[in-house]
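Working notes, structure below.
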Amino acid sequence: MDNPVAQRASLLTTIAAAPHRLLFFIGAFNVLAAMAWWTAWLGGWMPAPSVPAGWMHGFIMQYQVLPAFIFGFLLTVFPRWMGQTEASRWHYLPVGLGLLLGQVLTLAGLASGSMMLLHVGVLNTLAGWIAAMLVLAGWLWRDRTSNWHAISCFAALLMGLIGLLAFVVFMHTGNPRLAFAMLKFGSFGLLVPIYATVAHRMFPFFAGNVVPGYTPWRPLAWLAALWPLCLIHLALELLHLHHWLWLVDAPLLALTSYALWRWWPRGSMPPLLRVLFVGFAWLPIAMALYLVQSAWFAATGEFALGRAPVHALSVGFFGSLLVAMVTRVTMGHSGRPLELGRIPALTFIGMQVLAVLRVGAELMPNPSPWMLAASFGWLAVFTPWVLRSLWIYATPRVDGKPG
């Protein structure tokens, strides 16, 4: 009879065999746990937290759920981008432990009303972030190639760290401006720049490998233009100067639309590549909504569209590319063919429907039922993808290779 202790040890060893395995496993678990809490709160089946639920939803998704996937990816590719030694388990195990305990304790604090658990959860999240950034900083310090994609990703993480620290201070002082800053730093300081940077480096590379005659386009000038526009947008939001956002959102719309046009292959392409570009298309859509909202506000003083632009960005752009990119990395790093597969395809299609539903909810007289429906929909479309992903991370590579 097999030894259960040995089986558990073997399972844990497999999950911890590579940074993407461990951190994607944690991220997949976290994404369902986070949305289960949010759905329960929207449905009135969870007590109201001492910190506003909307703020906690933004914090959990931007600083706990998505960073698990981001750190799993960056801890894998940073040394490869710069030709350095890859991470050992002791580099990424503390990261995974911090992010896992951070979210588990945060959700436990929200469910029980315990501010102590909530505080400890946020501090564990901070510890996981710092552990990851120290490892990434070490590779950057030793790099002599001036890898601008790595530098851009790290700069975005520094912006995210500022937002995370703002929330830590908020937890101890109660200053709502710090919670507001956390939300804004998470979007245009952390996630938009890091998603755009990874897309700029990887999407033309992926397309060049599978589309005959494709010419990769990734000038560094595009990144150099994106960063100041994101920072100006962030600054205007922090200063509540929403009537001036159109001045920066118009060029952001033009810049992201042009990149999508240049990257999109002419002719046929495999589904695993197509979902990357469809997911990226939500970024110019979101910027168009931000532009309309700001211009209308400047002209009439009416703040139209509500949080529609935010959810086009978060559900449409961040959520769609989460499924597309994580599926691509998971297939490639598990020794499987680079194919989309039925479950990821259905999840991706479901995300498009959910993004439209969540954006449209902001235009309804009573958005609450539509928000709850979108949240239930998220759980429905993500659960099969998460279960499939967890199984892949918990089993060895199919080609017998390590990692």
**Study point:** Index of the failed condition, ALA299 passing every other in (1) in contact with a Phe, Trp or Tyr (Cβ under 6 Å, 6 or more places away or on another chain); (2) of a type in the set (Gly, Ala, Ser); (3) free of Cβ contacts under 8 Å to residues at least 12 places away in the same chain
**Key:** (1)
Study note, to complete from the structure: Among ALA374, ALA355, the single one that is assigned to a helix (DSSP H, G or I), in contact with a Leu (Cβ under 8 Å, 6 or more places away or on another chain) and surrounded by 17 or more Cβ atoms within 10 Å (Cβ to Cβ) is ALA374
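Does GLY316 qualify as being out of contact with any strand residue (DSSP E or B) (no Cβ under 8 Å at 6 or more places or on another chain), modelled with pLDDT under 95, within 23 Å of ASN30 (Cα to Cα) and in a helix (DSSP H, G or I)? It would help to see each step written out before you state the result.
Numbers: out of contact with any strand residue (DSSP E or B) (no Cβ under 8 Å at 6 or more places or on another chain): yes; modelled with pLDDT under 95: no; within 23 Å of ASN30 (Cα to Cα): yes; in a helix (DSSP H, G or I): yes.
It is false that GLY316 is out of contact with any strand residue (DSSP E or B) (no Cβ under 8 Å at 6 or more places or on another chain), modelled with pLDDT under 95, within 23 Å of ASN30 (Cα to Cα) and in a helix (DSSP H, G or I).
Would you check if VAL31 is of a type outside the set (S, T, N, Q), at pLDDT 95 or above and under 19 Å from the mean Cα position of the chain (by Cα)?
Values: of a type outside the set (S, T, N, Q): yes; at pLDDT 95 or above: yes; under 19 Å from the mean Cα position of the chain (by Cα): yes.
So VAL31 fits the description; yes.
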Practice item. Return a yes/no flag: does segment 202-212 have any residue that is of a type outside the set (A, V, I, L, M, F, W, C), open to solvent by less than 40 Å² (accessible area, probe 1.4 Å), under 16 Å from ALA155 (Cα atoms) and assigned to a helix (DSSP H, G or I). Key: no
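Quick grid of which residues meet (1) outside any helix (DSSP H, G or I); (2) among the basic types (Lys, Arg); (3) open to solvent by 60 Å² or more (accessible area, probe 1.4 Å):
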site: ILE232; (1), (2), (3): no, no, yes
site: PRO251; (1), (2), (3): no, no, no
site: LEU255; (1), (2), (3): no, no, no
site: TYR258; (1), (2), (3): no, no, yes
site: SER268; (1), (2), (3): yes, no, yes
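I'm checking my understanding of the structure. Among residues of segment 292-317 that are hydrophobic (A, V, I, L, M, F, W, C) and surrounded by 22 or more Cβ atoms within 10 Å (Cβ to Cβ), which one is nearest to ALA196 (Cα to Cα)? If you could, list the steps in order and put the result at the bottom.
Keep residues of segment 292-317 that are hydrophobic (A, V, I, L, M, F, W, C), which gives 292, 295-299, 303-305, 308, 310, 312-313, 315, 317.
Restricting the remaining residues to those that are surrounded by 22 or more Cβ atoms within 10 Å (Cβ to Cβ) gives 312-313, 315, 317.
Working: ALA312: 15, LEU313: 12, VAL315: 16, PHE317: 10 Å.
My answer is PHE317.
The values are calculated or read from the model by the stated rules, or taken from the named source; none is laboratory data. Since the model is a prediction, treat every value here as computed from it, not as a measurement. Cβ sites come from the backbone with ideal geometry, for glycine too, and all protein chains shown count toward neighbours. Calculation scope for accessible area: heavy atoms of the full protein, side chains included, ligands and nucleic acids excluded. Shrake-Rupley method; radii C 1.70, N 1.55, O 1.52, S 1.80 Å.
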